[in-house]
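Structure first, then comments.
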Amino acid sequence: MAVKYRLAILIFLSLAIASCKKVIDLKLGNAAQQLVIEGNVTDQSGPQLVTISRTLPLDSTNSFPAVTNADVEIIDRNGKVYSTIQRSPGFYYSTSFTGQPNQTYQVRAVVDGKTYRAVSTMPIKVAIDSVALSVQQIGTSPEKTIIVYYQDQPDTANQYRFVLTVNGVRVKQIFAMNDQFNDGKLVQAYLYQDDIKLKSGDHVNIEMQCIDINMYTYWYTFSQQSANGFSSTTPSNPASDFFDSPPVLGYFSAHTTERRDIIIP
Amino acid sequence: MYKRFLYILFLLIPLCFGNLAYAQKKYTIDGSVKDAATGETLIGATVRLQEIQQNGATTNNYGFFSLTAPGGDYTLVISYVGYATTTQLIKLNKNASLNILLASNNTLQEISISSKAHKSENIDNPQMGVNRLDLNQVNNVPVIFGEKDVIKTIQLLPGVKSTGEGNTGFYVRGGNSDQNLILLDEAVVYNASHLFGFFSTFNSDAIKDVALYKGGMPAEYGGRLSSVLDIKMLDGNDKKLTVQGGIGLISSRIKVEGPIVADKSSFMISARRTYADVFLKLSPDSSTRGASLYFYDLNAKFHYRFDDKNTVYLSGYLGKDVLGLKDNFATNWGNQTGTLRFTHIFNNKLFLNSSLIYSDYNFLVESFTTNNDFKVTSRIRDFNLKEDFQYFFSDNNTLSFGVNGTHHTISPGDIQSSNSSDINPQKIQPRYGLESAAYVSDEWKLGSKVDLLYGARFSTFSLFGPGKFTTYSAADVAEFYGNYNRGDIVKTYINLEPRFSLSYKLNDENSLKASYNRNTQNIHLISNSTASSPTDLYVMSSNNIKPGVSDQLSMGYFKNFANNQYEFSSEVYYKALQNQVDYKNGAELIANQDVESQLIYGTGRAYGLELFFKKHYGKFNGWIGYTLSKTENKFDGVNNGNYFAATYDRTHDVSVVGIYKLSTRWTLSSTFVYATGNAVTYPHGKYVVGGLTTFYYADRNTDRLPAYSRLDLGATLEGKPHKHYHSSWTFGLYNAYNRKNPYTITFQENPDDPTRTQAVKTSLFGRIPSITYNFNF
């Protein structure tokens, strides 16, 4: 709903105002380096991945320093421990297992003698019903938008995240949705984005994740950050779901995943 | 402390009576001061007796004055800015009522101000922190698209800040934009902006008087923390029928006013509509042709004077913004206000204004997409009954007192949808509140040097059922549920707001003033943007939200010189704010029944220095304003609970306004503004999650946008004098040196080297010329 409103503003701006963009030089402060942990447990069988890295100053190139001296394990509700192996710097793969719905998982990472932990519960899977393409004439050229249909579960709070990849390039827009306004409905989710303009022949991979409520807040806060400036909120770091831990960026998410590949007609 | 204050108050009132008892035989002159050509009452005109130095009265908000003096022969001097001063010889041997007519300088076509007679209101009056706009000056100040705008002009005063390009939101002495009490004929206007803040809802054609109180608010005003912007509509010309209008680039306007019964009754209707969408219709693209983008305003007023003692006024405002794309979505929002007002003069000392006021703000967002249709409506509606009395005890003592009660209904966002829509219909419980207040305020002149304005406002707020009310703990866990029936009181807050101002006149040209006032606020705006947005959410004080409280202390030095042609003032203020409301990161504000679980609470503080230098009249007139200030907020969980700069904290703020009458036909004008950039939060690092480069933010609002500056130019060419009509052309050039002021700064990957990050500045307006044709007959 908010998306629709933002769209209204965008159209107003593009119609009414000849805004002008320019790259500028800014003197920016640099914060002390922070630790970043990103962990995922999915319902696909195989090793589950935890990556650990650090932040960089804004003006440096994107070669994010990997953290190679960590001890990482994933623990399920029954206390079963899945240990990890660092296959490449900063990439910690667990022993093979399949995440189960309604199961709570914990990640535990020890870095430089400090322990970081987070828990996440994998929701029941809601499957993709179908995928469609909306073509709207906005301005002079057709605006193509991916639509994902799914049947929301009635009477439970569900949260979703979508990830779009166009010709192998990840779309920067973050799609976090919940069922506050469409509980139990056959939902028609418009994945509005202005990062990569879709053209005929593009290969698009759509991933749908069912995520828990903390992860929804995490991704939703992220999506607010990348909102256009006109109605933007003061940006802040999304609240990480790590608890009883020193300050750390990133998240740990147990979620279901389903993918579709389409070619834009 | 309150008790003591009340005690002093009651002690002082008998003293004033005492004054009367021992004085020699005195008589009272009362009446009104009006514009000779239109019959409009003049607010703030001074009436004084030349023979008695300290004696003088000012017409109140309704044009009424009362003046008492010992019997004798006097010269009555009546003056008002922009009008020729007139004198009248009177023999005071009985009480008398006078209707005084003043001729406007515009009508005379020459500047003739008998400056000696012009009373220096800013020196004599204890009221400080007030700016009264001269509408003739407003009409000459150049503005964007040639749309003259009182709020844009207010933003050029010291102590008043805007946040950015074209925005009509304004911030007074560190208060947020929702902490301004904006009144149009006494009705609250909730959203005073059109098109996300690029224009204000006030069509200056329909406006008679604009007063902005930044501090030392009189006790008759209450309900907002920071300022009062009191706008009064024209009553309508009761002498002859006139038509006035203008045709501009993006909008046109027309006003018709005239007598119904000459000298007794008149009407005024004024309308304005923008037509940006007319140009869209010319587009070759069909969806652009189907887009709508416009707003309109309608002001109307009617008055009937039964006799010298009784007058009734009926006025209304209707405004709407419409924005939509055919077959996709539509959104519209707007204010409606209505005021039924009755003034009654009991006798030459007691005046009553009685008002019944309606005020409504609503917005609607509608989607027409197949299987995704919905309609969200939101509304806030007030009914207000107000009684204001003024009792003119004696020539040195005026008492104001009154009561008012406002009933609020807030319906924060109902959703309707069809059966085939994937959106569920939803009804959010409306909330009902009653705000009541009683006030008493006394202006007392102690000899020739000291003038005291003291009083208090006693305000209560009650939140009523029906409905389910949830109380959240500090950790935002629902702690307690209560179901209330219709009329049950959920929560009541009681506040006493002392108001105190003092002036000490050093001599005829210099005075010192000090004031303290407390204000409270029970309607809170929860907004997730700096631009005015129709989705901004209003909530009332409740079981979770406490009334906002502000305490402001200010002091100032005021000086007039060269026969009051020049005015200089310097004021310092300190303001402390309690119970400020903000929302948590990632909060969902639209159509959320549990929105109060999404809020955080904090405090604020603001202090500053304001310098103001104004040349009132002459071939060249205008002003220079400078503000040095600091505004900070403190919220739990933000910046580790330390104070941080508010977005609108601009350290330096300069405005210069100059108007030059080149010849009888040409008037040139110019404004220049310079301000420190807004406080913003830039990323202070980057990292990677989810395969994307992401920004790391450190403390809130520790960075600054580049400084803002702009020069606007304007020129007015009066048409050749004509027997039946008058016309003029207004030319404007907004942002004359084409400065690309930053609207936002965003960060992105460098397209040439995706491993690097670059900052991108977005500017909205470059140089914008405008032209308007104005006419009246």
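The values are calculated or read from the model by the stated rules, or taken from the named source; none is laboratory data. Predicted, not measured: the structure shown is a model, and the values here were computed from it. Every residue, glycine among them, receives a Cβ derived from its backbone with ideal geometry; neighbour counts consider all protein chains shown.
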Taking the stated definitions as given, is B:Arg710 touching a residue at least 24 places away in the same chain (Cβ under 8 Å), assigned to a loop (DSSP other than H, G, I, E, B) and surrounded by 17 or more Cβ atoms within 10 Å (Cβ to Cβ)?
no
Exactly one condition in (1) in a strand (DSSP E or B); (2) modelled with pLDDT of 90 or more; (3) not assigned by TED's automatic domain parsing to the domain that holds B:Trp729 is false for B:Phe202; which is it?
(1)
Take B:Ser669 and decide whether it is in contact (Cβ under 8 Å) with a residue 60 or more places away in the chain, over 30 Å from A:Asn30 (Cα atoms) and in a strand (DSSP E or B).
yes
What number of residues within the stretch A:194-215 are closer than 15 Å to A:Lys125 by Cα and of a type outside the set (A, V, I, L, M)?
4
Spot the failing condition for A:Met1; the list is (1) at the interface with chain B (Cβ under 7 Å from one of its Cβ atoms); (2) surrounded by 16 or more Cβ atoms within 10 Å (Cβ to Cβ); (3) modelled with pLDDT of 85 or more, and only one is missed.
(3)
Mind checking which residues of the stretch A:151-170 are crowded, with 16+ Cβ neighbours inside 10 Å and at the interface with chain B (Cβ under 10 Å from one of its Cβ atoms)?
A:Asp152, A:Arg161, A:Val163, A:Thr165
Say whether the condition of being touching a helix residue (DSSP H, G or I) at 6+ places or on another chain (Cβ under 8 Å), not in a strand (DSSP E or B) and not charged (D, E, K, R) is met by at least one residue in the stretch B:715-723.
no
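Residues in the stretch B:587-619 that are assigned to a loop (DSSP other than H, G, I, E, B) and buried (at least 17 other Cβ atoms within 10 Å of the Cβ): how many?
Qualifying residue count, the stretch B:587-619: 8.
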Are there any pairs with C-beta distances below 9 angstrom linking a residue in the stretch A:158-172 that is in the same structural domain as A:Asn102 (by TED's automatic domain parsing) and charged (D, E, K, R) to a residue that is crowded, with 19+ Cβ neighbours inside 10 Å and modelled with pLDDT under 95, with the two at least 6 apart or on different chains, and if so which?
none
Any residue in the stretch A:78-86 that is at pLDDT below 95, on the phi < 0 side of the Ramachandran plot, outside any strand (DSSP E or B) and touching a strand residue (DSSP E or B) at 6+ places or on another chain (Cβ under 7 Å)?
no
Could you list, in sequence order, the residues of the stretch A:231-244 that are surrounded by 17 or more Cβ atoms within 10 Å (Cβ to Cβ) and either within 27 Å of A:Thr98 (Cβ to Cβ) or of a type in the set (Lys, Arg) (or both)?
A:Ser240, A:Asp241, A:Phe242
Given the condition aliphatic (A, V, I, L, M), in a strand (DSSP E or B), surrounded by fewer than 17 Cβ atoms within 10 Å (Cβ to Cβ) and within 14 Å of chain A (Cβ to nearest Cβ), answer yes or no: does some residue in the stretch B:686-693 qualify?
yes
Do you know which residues across the stretch A:98-138 are in contact with a strand residue (DSSP E or B) (Cβ under 7 Å, 6 or more places away or on another chain) and hydroxyl-bearing (Ser, Thr, Tyr)?
A:Thr104, A:Tyr105, A:Thr115, A:Tyr116, A:Ser120, A:Thr121, A:Ser130, A:Ser134
Leading residue by the ranking (farthest from the other protein chains (Cβ to nearest Cβ)) among those in the stretch A:184-201 that are assigned to a loop (DSSP other than H, G, I, E, B) and surrounded by fewer than 16 Cβ atoms within 10 Å (Cβ to Cβ)
A:Gly201
Is it true that some residue in the stretch B:628-635 is surrounded by 19 or more Cβ atoms within 10 Å (Cβ to Cβ) and either at pLDDT below 90 or closer than 30 Å to B:Pro751 by Cβ (or both)?
no
Restricting attention to the stretch A:56-72, the residues that are crowded, with 18+ Cβ neighbours inside 10 Å and more than 14 Å from chain B (Cβ to nearest Cβ) number exactly 2
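For every residue, the table says whether it meets (1) in a strand (DSSP E or B); (2) surrounded by fewer than 18 Cβ atoms within 10 Å (Cβ to Cβ); (3) modelled with pLDDT under 95; (4) at positive phi.
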| residue | (1), (2), (3), (4) |
| --- | --- |
| B:Leu298 | yes, yes, no, no |
| B:Val322 | yes, yes, yes, no |
| B:Ala330 | yes, no, yes, no |
| B:Ser355 | yes, no, no, no |
Output the residues belonging to the stretch B:123-154 that are modelled with pLDDT under 80, part of a helix (DSSP H, G or I) and of a type outside the set (A, V, I, L, M, F, W, C).
B:Asp124, B:Asn136, B:Gln137, B:Asn139, B:Asn140, B:Gly146
Take B:Ile52 and decide whether it is touching a residue at least 12 places away in the same chain (Cβ under 8 Å) and crowded, with 21+ Cβ neighbours inside 10 Å.
no
Over the stretch B:420-475, the set of residues out of contact with any Asp or Glu (no Cβ under 8 Å at 6 or more places or on another chain), more than 14 Å from chain A (Cβ to nearest Cβ), among the acidic types (Asp, Glu) and more than 24 Å from B:Ile600 (Cα to Cα) is B:Asp442
Residues satisfying the stated conditions in the stretch B:346-359, i.e. out of contact with any Ser or Thr (no Cβ under 7 Å at 6 or more places or on another chain) and farther than 22 Å from B:Ala219 by Cβ:
B:Asn347
Residue under question is A:Asp241, and the condition is that it be in contact with a helix residue (DSSP H, G or I) (Cβ under 8 Å, 6 or more places away or on another chain), closer than 27 Å to A:Gly39 by Cβ and more than 11 Å from chain B (Cβ to nearest Cβ); does it hold?
yes
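For every residue, the table says whether it meets (1) within 27 Å of the chain's Cα centre (by Cα); (2) not in a strand (DSSP E or B).
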{"site": "B:Gly405", "(1), (2)": "yes, no"}
{"site": "B:Ile415", "(1), (2)": "no, no"}
{"site": "B:Leu434", "(1), (2)": "yes, no"}
{"site": "B:Val440", "(1), (2)": "yes, no"}
{"site": "B:Ser448", "(1), (2)": "no, yes"}
{"site": "B:Asp451", "(1), (2)": "yes, no"}
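For every residue, the table says whether it meets (1) on the phi < 0 side of the Ramachandran plot; (2) at pLDDT 90 or above; (3) assigned by TED's automatic domain parsing to the domain that holds B:Arg48; (4) crowded, with 20+ Cβ neighbours inside 10 Å.
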residue	(1), (2), (3), (4)
B:Lys386	yes, yes, no, no
B:Ser400	yes, yes, no, yes
B:His408	yes, yes, no, yes
B:Asp422	yes, no, no, yes
B:Lys427	yes, no, no, no
B:Glu435	yes, yes, no, yes
B:Leu453	yes, yes, no, yes
B:Ser462	yes, yes, no, no
B:Gly465	yes, no, no, no
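Residues checked against (1) among the small types (Gly, Ala, Ser); (2) surrounded by fewer than 24 Cβ atoms within 10 Å (Cβ to Cβ); (3) at pLDDT below 95:
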{"position": "B:His194", "(1), (2), (3)": "no, no, yes"}
{"position": "B:Ala211", "(1), (2), (3)": "yes, yes, yes"}
{"position": "B:Gly216", "(1), (2), (3)": "yes, no, yes"}
{"position": "B:Leu241", "(1), (2), (3)": "no, yes, yes"}
{"position": "B:Gln244", "(1), (2), (3)": "no, yes, yes"}
{"position": "B:Gly258", "(1), (2), (3)": "yes, yes, yes"}
{"position": "B:Ala262", "(1), (2), (3)": "yes, yes, yes"}
{"position": "B:Ser265", "(1), (2), (3)": "yes, yes, yes"}
